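Nothing in this text is a laboratory measurement; each read-out follows from the coordinates by a stated rule. Worth saying up front: this structure is predicted, and the values here are computed from it rather than measured. Using ideal geometry, Cβ is built from the backbone for each residue, glycine included, and neighbour counts are taken over all protein chains shown.
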Amino acid sequence: MASAVDVAGEPIPTSAVLMSASKHISGRCRGENIAFLKCKKDDPNPEKCLDKGNQVTRCVLSLLKDLHQKCTKEMDAYAGCMYQNTDEFELCRKEQKDFEKACPLN
């Protein structure tokens, strides 16, 4: 896995990238996620929550882009480790520590 973004600089949200950024996602996109889950709970019609789902997607993609700009090397190393080890956090603790040091959780 070479990079977490494509040639245009847009994030590629693979499972390894999403797992690597999960703590950041849960912090920054919390409000959007809660609104989406509340919508799904209140209305079983998936069409009713498309806007809320799009808000979550926009938040996550924006976050991934920011993380990649701020700590490219560490994010790529962590996501690469997660990819190589089938998203097993325990096998990537060093890379996780380096990533969280370069891009601290806010």
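Assorted remarks:
- Dipole-positive endmost among PRO104, ALA8, LEU67 within the chain (Cβ charges, Cα centre): PRO104
- Between CYS59, CYS29, CYS39, the residue with the greatest mean-square fluctuation in the GNM of the chain (Cα pairs under 10 Å linked by springs) is CYS39.
- 0 to 90° range, to nearest 10: angle between helix 72-84 axis and the chain longest Cα axis: 80
- Lys, Arg +1 and Asp, Glu -1 on Cβ, resulting dipole of the range 1-50 about Cα centre, debye, nearest 20: 300
- Sum of side-chain charges, ALA16 neighbourhood, beta-carbon under 13 Å (Lys, Arg +1; Asp, Glu -1): -4
- Helix 30-42 and the longest principal axis of the Cα set of the chain meet at an angle near 40°.
- Computed from Cα positions, the angle between helix 50-70 and the longest principal axis of the chain comes to roughly 20 degrees.
- Convex hull volume per residue for the range 20-106, taking Cα atoms only, in Å³: 98
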